[in-house]
Amino acid sequence: MKKLFLSFVLAFVLPSLAIAADYSPGNGYTLIKSPVRTASPDKIEVIEIFWYGCPHCFSLEPLTEAWSADLPEDVDFKFTPAVFGRNWLAHAKAYHVADILNVLDKTHSALFNAIHLDKRRLNSEDDLAEFFAQYGVSEDEFKKQYNSFAVNSRLKQADAKIRAYGARGVPGLIVNGKYLVTAETANGSNNIYNVVDYLIEQERKTM
């Protein structure tokens with residue numbers, strides 16, 4: 001009976017271990033040609049490149065929330081809005097405004113929901129100022145930050161990093177400046193964070 005039980009367990013456990021062990025460049029993730037410096041050498045940095053208007057980013061958001069809810073102390077998770085199109089700029093600026101004003105916890109998921117569930121366009125400065133007013137940010141304060149040097153500097157820094165990562169679309173997960181994980185490389189959005197976890201473990205071995 002014990003042998004049968006052991007065989008049953010191994011039949012399910014070994015394939016999952018094999019899958020994890022099979023992750024390699026081109027199968028699960030892409031190696032970034034020139035590793036990009038992270039914010040802290042003492043942390044394993046994970047960055048999600050996204051756009052509020054992207055339906056795939058919206059679909060990934062519940063998985064992202066669940067995965068990032070209880071991260072180990074050695075993992076530093078961040079978002080970086082991309083600007084791959086003209087109409088992406090307003091949303092990227094809105095993200096940085098929220099970050100500067102410390103209201104991301106209120107506006108991040110709400111902005112995704114407003115665009116994808118409520119079908120609000122929210123792609124202009126005035127529309128976004130009205131949206132932010134619901135979360136205690138005055139129109140004047142929003143517009144002051146929206147056009148600020150700080151926001152424009154963050155946009156330039158983010159653009160430079162995204163180019164260095166070699167990312168061409170969203171969503172994309174960057175692990176410690178070395179690996180790019182997408183739905184395509186991970187064989188589906190549901191597997192993205194499995195690959196990310198695998199790469200985190202690989203990075204721990206080098207620290």
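The values are calculated or read from the model by the stated rules, or taken from the named source; none is laboratory data. As the structure is a prediction and not an experimental result, all values here were calculated from the model. Using ideal geometry, Cβ is built from the backbone for each residue, glycine included, and neighbour counts are taken over all protein chains shown. SASA here: full protein model, heavy atoms, side chains in, ligands and nucleic acids out. Shrake-Rupley method; radii C 1.70, N 1.55, O 1.52, S 1.80 Å.
Open to solvent by less than 30 Å² (accessible area, probe 1.4 Å) and in a strand (DSSP E or B), is that true of Glu61?
no
For residues that are among the β-branched types (Val, Ile, Thr) and within 12 Å of Ala94 (Cβ to Cβ), scanning just the stretch 122-175, find the one that is nearest to the chain's Cα centre (by Cα).
Val151
Yes/no matrix, rows are residues, columns are (1) under 25 Å from Ser68 (Cβ atoms); (2) at pLDDT below 50; (3) in contact with a helix residue (DSSP H, G or I) (Cβ under 9 Å, 6 or more places away or on another chain):
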| residue | (1), (2), (3) |
| --- | --- |
| Met1 | no, yes, no |
| Leu10 | no, yes, no |
| Leu14 | no, yes, no |
| Ser24 | no, no, no |
| Thr30 | yes, no, no |
| Pro41 | yes, no, no |
| Ile44 | yes, no, yes |
| Ile47 | yes, no, yes |
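Taking Ile200 and the conditions (1) in contact with a helix residue (DSSP H, G or I) (Cβ under 9 Å, 6 or more places away or on another chain); (2) not in a loop (DSSP other than H, G, I, E, B), which numbered condition does it fall short on, given that it satisfies the others?
Every listed condition holds for Ile200 apart from (1).
So which pairs qualify, if the first residue must be in the stretch 59-79 and under 17 Å from Glu203 (Cβ atoms) and modelled with pLDDT of 95 or more, the second must be acidic (Asp, Glu) and open to solvent by 40 Å² or more (accessible area, probe 1.4 Å), the Cβ gap must be under 8 Å, and the two must be at least 6 apart or on different chains?
As it stands, the answer is Asp74/Asp42, since those pairs meet every condition given.
Mind counting the residues in the stretch 155-172 that are assigned to a loop (DSSP other than H, G, I, E, B) and exposed (fewer than 14 other Cβ atoms within 10 Å of the Cβ)?
Looking only at that region, the number is 1.
Kindly list the number of the only condition in (1) in a helix (DSSP H, G or I); (2) surrounded by 15 or more Cβ atoms within 10 Å (Cβ to Cβ) that fails for Asn123.
(1)
Anything in the stretch 29-53 that is of a type in the set (Ser, Thr, Tyr) and either touching an Asp or Glu at 6+ places or on another chain (Cβ under 7 Å) or open to solvent by 70 Å² or more (accessible area, probe 1.4 Å) (or both)? List them, or say none.
Ser34, Thr38, Ser40 - these are the residues of the stretch 29-53 that are of a type in the set (Ser, Thr, Tyr) and either touching an Asp or Glu at 6+ places or on another chain (Cβ under 7 Å) or open to solvent by 70 Å² or more (accessible area, probe 1.4 Å) (or both).
Among the residues of the stretch 66-90, which ones are open to solvent by 80 Å² or more (accessible area, probe 1.4 Å) and under 30 Å from Ser148 (Cα atoms)?
Phe84, Arg86, Asn87, listed by residue number.
Return the residues of the stretch 183-197 that are outside any helix (DSSP H, G or I) and either over 12 Å from Thr30 (Cα atoms) or free of Cβ contacts under 8 Å to residues at least 60 places away in the same chain (or both); say none if nothing qualifies.
Glu184, Asn187, Gly188
Among residues belonging to the stretch 22-41 that are free of Cβ contacts under 8 Å to residues at least 60 places away in the same chain and part of a loop (DSSP other than H, G, I, E, B), point out the one that is farthest from Ile174 (Cα to Cα).
Asp22
It is to be established whether one or more residues within the stretch 131-150 are closer than 18 Å to Val36 by Cα, open to solvent by 40 Å² or more (accessible area, probe 1.4 Å) and either assigned to a helix (DSSP H, G or I) or in contact with a strand residue (DSSP E or B) (Cβ under 7 Å, 6 or more places away or on another chain) (or both).
no
May I ask you to list the residues in the stretch 121-163 that are of a type in the set (A, V, I, L, M) and in contact (Cβ under 8 Å) with a residue 24 or more places away in the chain? If you could, list the steps in order and put the result at the bottom.
Quick first cut of the stretch 121-163, residues of a type in the set (A, V, I, L, M) only: 122, 128-129, 133, 137, 150-151, 155, 158, 160, 162.
Correct list: Leu122, Leu128, Val137, Ala150, Val151, Leu155, Ala158, Ile162.
Of the residues that make up the stretch 125-138, is at least one on the phi < 0 side of the Ramachandran plot, charged (D, E, K, R) and modelled with pLDDT under 95?
No: zero hits.
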